[in-house]
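The block underneath contains the structure these notes are about, expressed in structure tokens.
The values are calculated or read from the model by the stated rules, or taken from the named source; none is laboratory data. Just so it is clear, the model here is predicted, and its values are computed rather than measured. Here the Cβ is made from the backbone with ideal geometry for all residues, glycine too, and neighbour counts use every protein chain on show. What goes into the accessible areas is simple: the full protein's heavy atoms, side chains included, and nothing from ligands, DNA or RNA. Shrake-Rupley method; radii C 1.70, N 1.55, O 1.52, S 1.80 Å.
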Amino acid sequence: MSTERYNPQAVEPRWQAAWREARIFETENDDPRPRYYVLEMFPYPSGRIHIGHVRNYTMGDVVARYMRARGFNVLHPMGWDAFGLPAENAAMTNKVQARDWTYKNIATMRGQLQTMGLSLDWSREFATCDVDYYAQQQRLFLDLLDADLAYRRSSRVNWDPVDQTVLANEQVIDGRGWRSGAEVEQRELTQWFFRITRYSEDLLTALETLDRWPAKVRLMQANWIGRSEGMRVRFPLTKPTAAGTREIEVYTTRQDTLFGASFMALSPDHPLAAELAEGDAALAGFIAECRHAGTSEAAIESAEKRGHDTGLAVRHPFDDRTLPVYVANFVLMEYGAGAIFGCPAHDQRDFDFARRYDLPVTPVVLPDGVDAADFAITDKPYDGEGRMINSAFLDGMTITGAKDAVAERLETADPDSAPQGKRETNYRLRDWGISRQRYWGCPIPVVHCEACGVVPVPAADLPVELPDDVELDRPGNPLDHHPTWKHVACPKCDRPAIRETDTMDTFVDSSWYFARFTAPRSATPTEPQAANDWLPVDQYIGGIEHAILHLLYSRFFTRAMRLTGHLDLDEPFAGLFTQGMVVHETYRRADGAWVSPAEVQVTGEGTNRKAVETATGEQVEIGPIEKMSKSRRNTVDPTDIIAGYGADTARLFMLSDSPPDRDVIWTEEGVAGAHRFVQRVWRLVREWSDGREAAGPPVEAGDHPLRRTAHRTLAAVGDGFATLRFNVAVAKIYELVNAISAAQAEADGDPATAAVIDEAMLILVEIMAPITPHLAEECWQALGQEGLVATRDWPAADESLLADATLVLPVQVNGKKRGELTIDADASQVDVETAVTALDFVQRALDGRRPKKIVVVPKRIVNVVV
RNA sequence: GCCCCUGUGGCGGAAUUGGUAGACGCGGCAGACUCAAAAUCUGUUGCCUUCACGGGCGUGCUGGUUCGAGUCCGGCCAGGGGCACCA
């Protein structure tokens with residue numbers, strides 16, 4: 001008798017249709033079961049799904065299917081992050097509309113996702129470029145404006161003079177525009193911002209409540225927010241400037257080192273620097289030079305600490321010294337006070353500056369255990385702990401003590417003058433600039449009127465729709481040079497006015513989509529009840545590359561939506577999982593051209609592995625394993641894999657072996673291995689069901705080790721799914737299959753054993769269903785079961801089978817394993833000690849002496865110390 | 001420069017969270033079936049030593065805590081990631 005091979009091409013579409021017809025994945029908001037919201041970061045519709053999507057959505061799908069089996073009303077939606085620059089570029093290159101290109105891609109990718117057999121609620125699907133979606137986003141913008149969380153200000157931006165557009169920092173490569181190649185200028189432009197800094201402290205402290213987030217992501221966000229405690233200190237100038245400036249305010253976190261100060265430095269953008277430059281051509285030149293300096297990483301790293309002496313001086317607050325005032329290229333206007341005092345002995349940057357300009361270096365912190373006479377700062381500043389020296393009333397204090405003492409004194413004003421300083425907490429986090437001079441994004445719904453200023457578009461006039469007929473061939477903002485679009489009547493005074501032509505950063509779109517999924521057709525941005533019921537997302541899954549931007553913006557936006565009454569919670573994602581990338585080795589021809597894996601034949605082992613280009617027979621070099629990318633041509637098309645092996649094989653492979661948060665190396669052998677397992681399970685099930693009659697009529701399941709294995713596997717796999725340790729769950733499933741095969745080989749027609757195998761088979765199929773859902777349905781049917789596995793409740797593991805009646809305990813002598821002890825599971829500590837002492841090898845080791853100690857760890861191990 | 005993570009067989013990795021290191025898979029080796037191949041099945045597979053029973057070593061290196069360390073602590077080495085003039 002031969003069993004046909006499992007044919008995924010025929011089987012998978014059939015079950016996908018069955019699920020669709022039964023509408024089992026469409027979720028109702030008023031379902032009485034407890035809720036569970038699983039979400040994977042929605043894709044950008046670039047054209048085709050890639051293998052990273054397959055991994056991401058498979059993980060989410062296993063969680064969704066598992067939680068559904070556990071009795072939850074599961075929300076598992078899908079949508080499209082559909083605005084963005086690639087659509088504009090494609091439109092330009094291919095002479096199509098950005099909209100058409102985007103929706104065509106969405107259709108393609110939806111079809112591809114549907115071949116994966118995902119348990120998605122497609123009835124809630126939307127794209128962020130749907131007018132319905134961005135109309136609601138415009139309402140949110142108006143609410144944020146109202147709440148003073150959105151505002152306009154002038155800001156320095158990267159400006160590409162050829163494309164005539166603002167570029168994000170990520171789009172500036174070595175000081176040049178990534179597309180045009182033109183040298184990027186710093187330009188002062190009026191931009192829209194979201195006031196994320198209002199929540200700096202809250203966004204930081206609330207990280208502690210996110211206990212189901214990776215520690216790494218929380219740490220990255222904490223560093224990004226960058227809280228530091230210090231103080232503002234005012235230094236009086238020895239004489240007022242011509243324009244009447246009398247003092248300089250600085251920010252410092254090291255007020256303890258005040259007695260080590262040897263200079264003051266202003267940012268080139270500091271108002272006082274500008275004031276002085278009016279009468280000082282050399283200074284004006286220096287400032288211009290600073291502004292011109294590159295903003296690329298390399299430029300900053302190699303930039304020397306340089307300054308320009310203004311000739312001014314300030315008085316030290318605690319002694320009668322004066323300090324020279326410089327304008328220095330390394331001081332940022334955006335942070336603190338835009339001015340610092342320099343303490344060269346204890347700060348690398350200040351040290352470099354002092355060496356260059358020959359300023360004094362006075363140590364004021366003495367490391368513990370070092371003699372003051374032996375301590376000198378020679379080639380490196382000291383930034384560690386210690387006690388204060390050379391610091392008058394601070395001498396002998398710790399750094400912390402000195403910080404408090406200085407703050408105390410500076411904050412306490414003389415009766416007839418203002419305090420000289422004030423404690424202040426600063427954050428690295430900046431407000432979020434959302435203006436983009438782009439076409440394919442959500443229009444910012446305001447109008448500029450000469451008489452009335454910035455006027456919000458009235459809610460009744462929303463949405464502000466994007467026009468279809470834009471010219472993308474000209475440089476600059478297509479909305480700005482559209483002939484009619486921007487010309488409107490002022491909503492306030494009805495006189496001719498101009499629409500805002502900037503659109504919103506696409507990160508705004510993805511900052512609230514998870515809330516929209518809870519009521520995707522609502523006429524308001526959310527239905528607060530639905531949002532509050534579903535949110536926070538119980539399990540969010542996506543790439544680590546969004547650790548800061550998307551995840552921080554979403555946390556801010558949730559707070560903003562709470563303030564404006566759209567939902568009532570702070571944290572959008574209760575559980576976060578960051579999955580690793582899919583990587584593949586690279587192949588390169590002698591002429592340097594990359595060759596795709598599909599065009600290569602690899603043979604041999606280890607160092608003898610060779611790759612040959614199939615078409616030419618030419619040997620190609622096997623390069624390092626890298627993230628799949630178009631430029632390296634080391635991508636694998638999921639469509640080919642699914643067409644060749646089936647979705648279940650692709651899904652199984654993605655979850656096998658590699659822990660889900662680590663990178664997985666895509667190999668042909670690995671995929672083939674997963675496919676072999678799919679075939680093996682099918683063969684096992686088919687042969688069993690075909691031969692089942694021979695095993696006799698069903699009887700009570702016998703007491704067979706397979707029963708224990710099956711129930712333990714059931715418990716372990718459920719646990720693996722719940723904790724997203726899919727690779728371990730898969731290994732346990734393999735073990736169960738091995739155990740069933742072995743039991744089957746020995747069963748030999750025994751009806752009691754056959755009944756145990758029957759039970760184990762059903763458990764196997766049910767625990768595999770979340771991973772390989774099509775195979776599971778097919779097996780379920782082959783085993784003569786009714787209905788769909790997809791709608792089955794997760795089977796309950798029999799607790800009594802999870803523990804053994806008899807244990808085999810490892811026995812150590814002096815911490816080294818020397819043998820085993822077989823004993824009843826409920827044996828007492830004394831029983832175990834007695835039994836262990838009687839063992840041959842223990843007797844030999846004791847050699848007549850009494851053991852010094854016997855350590856018995858219940859149900860685990862025994863250690864005899866002699 | 002600062003901060004963080006990781007290091008286990010030929011490879012991906014597991015280890016009940018301080019308790020039998022190497023589960024499971026890939027690869028290898030040996031065998032069965034076959035005219036042959038594919039597919040499938042069985043056995044074996046950390047290193048050294050021994051005819052064998054057995055013994056020794058072994059989780060990057062090094063020291064420590066402990067009856068017991070892959071797991072905890074100190075120092076070092078290597079690889080990866082984040083931030084980057086943030087005062």
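Quick check on my filter: what residues within the range A:843-856 are open to solvent by less than 60 Å² (accessible area, probe 1.4 Å) and out of contact with any helix residue (DSSP H, G or I) (no Cβ under 6 Å at 6 or more places or on another chain)? Break it down stepwise before answering.
Let us first name the residues in the range A:843-856 that are open to solvent by less than 60 Å² (accessible area, probe 1.4 Å), namely A:845-846, A:851, A:854-856.
If the condition is that a residue be open to solvent by less than 60 Å² (accessible area, probe 1.4 Å) and out of contact with any helix residue (DSSP H, G or I) (no Cβ under 6 Å at 6 or more places or on another chain), then A:Ala845, A:Leu846, A:Pro851, A:Val855 are the ones that fit.
Please go through the range A:106-130 and give me each residue that is over 15 Å from A:Ala17 (Cβ atoms) and of a type outside the set (A, V, I, L, M, F, W, C), ordered by number.
A:Thr108, A:Arg110, A:Gln112, A:Asp121, A:Ser123, A:Arg124, A:Glu125, A:Thr128, A:Asp130
Conditions (1) at positive phi; (2) among the aromatic types (Phe, Trp, Tyr); (3) modelled with pLDDT of 80 or more; (4) open to solvent by less than 70 Å² (accessible area, probe 1.4 Å), marked per residue:
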| site | (1), (2), (3), (4) |
| --- | --- |
| A:Arg152 | no, no, yes, no |
| A:Asn158 | no, no, no, yes |
| A:Val184 | no, no, no, yes |
| A:Arg218 | no, no, yes, yes |
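Give the residue that is farthest from RNA strand B (Cβ to nearest atom), with candidates limited to residues of the range A:768-818 that are at pLDDT 90 or above and on the phi > 0 side of the Ramachandran plot.
Per the stated criteria, the residue is A:Gly787.
Considering each of A:Thr165, A:Thr115, A:Thr190 in turn, give the residue that is closer than 19 Å to A:Met504 by Cβ and open to solvent by 50 Å² or more (accessible area, probe 1.4 Å).
Details: A:Thr165 fails: open to solvent by 50 Å² or more (accessible area, probe 1.4 Å); A:Thr115 fails: closer than 19 Å to A:Met504 by Cβ.
Being closer than 19 Å to A:Met504 by Cβ and open to solvent by 50 Å² or more (accessible area, probe 1.4 Å) holds for just one of A:Thr165, A:Thr115, A:Thr190, which is A:Thr190.
Among residues belonging to the range A:594-607 that are outside any strand (DSSP E or B) and open to solvent by 30 Å² or more (accessible area, probe 1.4 Å), point out the one that is modelled with the highest pLDDT. Walk me through it before giving the result.
In the first step, residues of the range A:594-607 are kept if they are outside any strand (DSSP E or B); the result is A:596-599, A:604-607.
Add one more test, that the residue is open to solvent by 30 Å² or more (accessible area, probe 1.4 Å), and what stays is A:598-599, A:604-607.
Values: A:Ala598: 79, A:Glu599: 82, A:Gly604: 62, A:Glu605: 58, A:Gly606: 55, A:Thr607: 56.
Across the range A:594-607, the extreme among qualifying residues is A:Glu599.
For the range A:725-742, which positions are more than 17 Å from A:Met761 (Cα to Cα), in contact (Cβ under 8 Å) with a residue 40 or more places away in the chain and near RNA strand B (Cβ under 6 Å from one of its atoms)? Give the derivation first.
Of all residues in the range A:725-742, those more than 17 Å from A:Met761 (Cα to Cα) come to A:725-728.
Add one more test, that the residue is in contact (Cβ under 8 Å) with a residue 40 or more places away in the chain, and what stays is A:725-727.
If the condition is that a residue be more than 17 Å from A:Met761 (Cα to Cα), in contact (Cβ under 8 Å) with a residue 40 or more places away in the chain and near RNA strand B (Cβ under 6 Å from one of its atoms), then A:Asn727 is the only one that fits.
Only residues in the range A:648-663 that are at pLDDT below 95 count as the first member; pair them with residues that are of a type in the set (Lys, Arg) and open to solvent by less than 10 Å² (accessible area, probe 1.4 Å), Cβ under 9 angstrom, at least 6 apart or cross-chain, and list the lot.
A:Met654/A:Arg55; A:Leu655/A:Arg55; A:Pro660/A:Arg55
Taking the range A:672-683, which residues are aliphatic (A, V, I, L, M) and near RNA strand B (Cβ under 8 Å from one of its atoms)?
A:Ala672, A:Ala674
Counting only residues that are away from RNA strand B (no atom under 16 Å from the Cβ) and at pLDDT below 90, which one in the range A:421-457 is surrounded by the most Cβ atoms within 10 Å (Cβ to Cβ)? Talk me through it step by step, then tell me what you get.
First pass over the range A:421-457, keeping only residues away from RNA strand B (no atom under 16 Å from the Cβ): A:434-457.
Filter once more, so that each one left must be at pLDDT below 90: A:436-438.
Details: A:Arg436: 26, A:Gln437: 23, A:Arg438: 22.
Filtering the range A:421-457 for residues that are away from RNA strand B (no atom under 16 Å from the Cβ) and at pLDDT below 90, the one surrounded by the most Cβ atoms within 10 Å (Cβ to Cβ) comes out as A:Arg436.
Identify, please: which residue in the range A:620-647 is within 15 Å of RNA strand B (Cβ to nearest atom) and not in a loop (DSSP other than H, G, I, E, B) and is, among those, nearest to A:Glu777 (Cα to Cα)?
Of everything passing the filter in the range A:620-647, A:Tyr645 is nearest to A:Glu777 (Cα to Cα).
So is A:Ala745 open to solvent by 40 Å² or more (accessible area, probe 1.4 Å) and either of a type outside the set (Val, Ile, Thr) or part of a helix (DSSP H, G or I) (or both) or not? Show your work before the answer.
Working: open to solvent by 40 Å² or more (accessible area, probe 1.4 Å): yes; either of a type outside the set (Val, Ile, Thr) or part of a helix (DSSP H, G or I) (or both): yes.
Judged against the criteria, A:Ala745 is a match.
Mind listing whichever residues of the range A:674-686 are touching a helix residue (DSSP H, G or I) at 6+ places or on another chain (Cβ under 8 Å) and surrounded by fewer than 17 Cβ atoms within 10 Å (Cβ to Cβ)? Spell out how you get there, then give the answer.
Of the range A:674-686, the ones touching a helix residue (DSSP H, G or I) at 6+ places or on another chain (Cβ under 8 Å) are A:674-675, A:677-678, A:680-682, A:684-686.
A:Arg680, the sole residue that qualifies.
Take the range A:68-99 and flag every residue that is among the charged types (D, E, K, R) and modelled with pLDDT under 95. Write out each step before concluding.
Within the range A:68-99, the first condition is being among the charged types (D, E, K, R), and the residues that meet it are A:68, A:70, A:81, A:88, A:95, A:99.
Within the range A:68-99, A:Glu88, A:Lys95 qualify.
Please state which one of A:Arg48, A:Arg20, A:Arg5 is of a type in the set (Lys, Arg), surrounded by 13 or more Cβ atoms within 10 Å (Cβ to Cβ) and in contact (Cβ under 8 Å) with a residue 60 or more places away in the chain. Let's see the steps before the verdict.
On the way: A:Arg20 fails: in contact (Cβ under 8 Å) with a residue 60 or more places away in the chain; A:Arg5 fails: surrounded by 13 or more Cβ atoms within 10 Å (Cβ to Cβ).
Every option except A:Arg48 fails the conditions.
Suppose the filter is open to solvent by less than 50 Å² (accessible area, probe 1.4 Å), in a loop (DSSP other than H, G, I, E, B) and within 15 Å of RNA strand B (Cβ to nearest atom); does A:Val331 pass it? Give the steps one after another, and end with the answer.
Values: open to solvent by less than 50 Å² (accessible area, probe 1.4 Å): yes; in a loop (DSSP other than H, G, I, E, B): yes; within 15 Å of RNA strand B (Cβ to nearest atom): yes.
Yes.
Would it be correct to say that A:Gly670 is more than 30 Å from A:Ala745 (Cα to Cα) and free of Cβ contacts under 8 Å to residues at least 24 places away in the same chain?
Working: more than 30 Å from A:Ala745 (Cα to Cα): no; free of Cβ contacts under 8 Å to residues at least 24 places away in the same chain: yes.
Criteria not met by A:Gly670.
Being more than 13 Å from RNA strand B (Cβ to nearest atom) and assigned to a loop (DSSP other than H, G, I, E, B) is the filter here, so list the residues in the range A:845-861 that pass it.
Step one: of the range A:845-861, the residues more than 13 Å from RNA strand B (Cβ to nearest atom) are A:846-850.
Scanning the range A:845-861 gives A:Asp847, A:Gly848, A:Arg849, A:Arg850.
With in a helix (DSSP H, G or I) and within 15 Å of RNA strand B (Cβ to nearest atom) as the only criterion, which of A:Val842, A:Val864 stands out? Reasoning before the result, please.
Details: A:Val864 fails: in a helix (DSSP H, G or I).
Unique residue meeting the criteria: A:Val842.
Which one is farthest from RNA strand B (Cβ to nearest atom) among residues in the range A:648-671 that are open to solvent by 30 Å² or more (accessible area, probe 1.4 Å) and part of a helix (DSSP H, G or I)?
In this case the residue turns out to be A:Glu668.
Counting just the residues of the range A:547-585 that are out of contact with any helix residue (DSSP H, G or I) (no Cβ under 9 Å at 6 or more places or on another chain) and of a type outside the set (A, V, I, L, M), which one comes out modelled with the highest pLDDT? Outline the logic, then answer.
Let us first name the residues in the range A:547-585 that are out of contact with any helix residue (DSSP H, G or I) (no Cβ under 9 Å at 6 or more places or on another chain), namely A:562, A:574-575, A:583.
In the following step, the residues that additionally are of a type outside the set (A, V, I, L, M) were identified as A:562, A:575.
Values: A:Arg562: 98, A:Gly575: 95.
Among those that are out of contact with any helix residue (DSSP H, G or I) (no Cβ under 9 Å at 6 or more places or on another chain) and of a type outside the set (A, V, I, L, M), it is A:Arg562.
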